[in-house]
Structures are given as structure tokens and as C-alpha cells.
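The values are calculated or read from the model by the stated rules, or taken from the named source; none is laboratory data. Being a predicted model, the structure only gives us computed values, none of them experimental. Cβ: placed from backbone, ideal geometry, glycine included. Neighbour counts: every protein chain shown. Calculation scope for accessible area: heavy atoms of the full protein, side chains included, ligands and nucleic acids excluded. Shrake-Rupley method; radii C 1.70, N 1.55, O 1.52, S 1.80 Å.
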Amino acid sequence: MTGPESEGSQVRRAVCPGSFDPITNGHLDIIARASRLYDEVYVAVMINKSKKGLFEIDERIDLIRTVTADYANVRVEAFHGLLVDFCKQREIPAIVKGLRAVSDFDYELQMAQMNNGLTGVETLFVPTNPTYSFLSSSLVKEVAQWGGDISHLVPAPVLEALNKRLHRD
Ligand code: PNS
């Protein structure tokens, strides 16, 4: 026998990695779809010390845990280091990423090929729901900062956290 079964692991695991500063409906859609395809889905909040976010890592994790509470097979963790090491330590053979548009593809392809070359981990691309094809955490923050309506783009707890952080309500 070859493949994961011969290595003693029959649990199909995947990771959805990102900065999640903060999580949007676009992220949540990809996580929900991954949770239907895999037995266990890790959401990895990757720590980038050179990039100061709007939310602390613990705040991002709390928000993601709140909005994924209905998905029993989703777990959320922070990680400082290479994504491939996160995967190796947890026996995760697959990275699941959303692709919003062709413009995402160049960089995503580079990362997928680099990661595959490092440890053999595979990257699976899921086409983003067209409703969210323009959506990013940065745009959400910018629009929210100037009082634009983003209530249809982020889950309610995230909207509340953004309003508190940006407008000190
Ligand atoms: O939400 P983002 O910021 O677009 O996510 C990018 C992320 C965090 C998935 C990517 O930068 C990453 O995997 N960082 C971890 C460090 C790493 O493994 N770098 C090598 C990538 S080939």
C-alpha cells in the first residue's frame, strides 16, 4: 500500500493559512468548503512580526473561533515560521487556498511550488465565490475606517470588533 494509509494516518487533514487581519466572509466561505471536503481543517494564523496588524494575533484567533464555532472539524492555531513546518508537525498533506482572480494566481503559484519543493505538501486552489471575488482584509479595513458599509462582507462579530477598534464606539 502506498500513500497516507500506509503511513498509519487515515484522517484527511488540510490547512487554510492566512493573516486573517481580520477574517472576512471570503475566508469563511473557503474554510466552510474545506471543512466539507476534509476530516480535519486547521486554520493557521501565520505570524509575521514585520507586519503590524490592526488586530493582535489572539484577537484574530478569538474572532475566527467564534465565527467557525458551527464547524466541528475546524481548529484554529497561530504559527510563527514556515507553513510547511506547521504542516509537517501536524501531518497535514494539503494546503487549501481561495483564488479570487487571475491576479492572485502568479504569487499563489510561486508559493505552492516553493512549498511543494520544500516538503512535498500539495496546494489545492478553490475558486472564490464570485460574491467575494473583490474582497480582502485590507479593503475591508480601509472602507470601514472611512465609515463605509461592510456589514455584508464580514461576519457580525468581526463588524463589531472593527467598529470598536476603528471608531472606539
Ligand atoms: O492572508 P495572507 O497574508 O495573504 O497569507 C499569506 C500567508 C500567511 C499564507 C503566507 O505568507 C505564508 O504562508 N506565510 C508563512 C511563511 C512561509 O511559509 N513563507 C514561505 C511561503 S512559500
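Placing unit charges on the Cβ atoms only, positive for Lys and Arg and negative for Asp and Glu, gives segment 12-133 a dipole magnitude near 100 debye about its Cα centre. What FRET efficiency, computed as 1/(1 + (r/R0)^6) with R0 = 41 Å and r the Cβ-Cβ distance, is obtained for SER133 and VAL11, rounded to the nearest 0.05? Using R0 = 41 Å, I get an efficiency of 0.80. In this structure LEU28 has an accessible area near 30 Å², from a 1.4 Å probe over the protein heavy atoms.
The stretch between ASN163 and ASP58 holds 36.0 nm of extra length on full extension. This uses 0.36 nm per residue minus the Cα-Cα distance. Here the gap between LEU82 and VAL102, fully extended at 0.36 nm per residue and compared with their Cα-Cα distance, gives a gain of 4.7 nm. Over all distinct alpha-carbon pairs, what is the Kirkwood Rh of the chain in angstrom? Value: 16.8 Å, from the Cα pair sum. Other residues with beta-carbon under 10 Å from the beta-carbon of PRO22 carry, at +1 per Lys or Arg and -1 per Asp or Glu, a net charge of +1. Going 7 Å from the Cα of GLN145 in the Cα-to-Cβ direction, what parts of segment 35-67 have a backbone nitrogen less than 14 Å from that spot? It comes to 52-55, nothing else.
Straight-line cross-link partners of LYS88 among the aspartates and glutamates, defined as a Cα under 14 Å from its Cα and at least 8 positions apart when in the same chain: GLU7, GLU122. Per residue, segment 12-133 exposes 53 Å² of solvent-accessible protein surface, assessed with a 1.4 angstrom probe and all protein chains in place.
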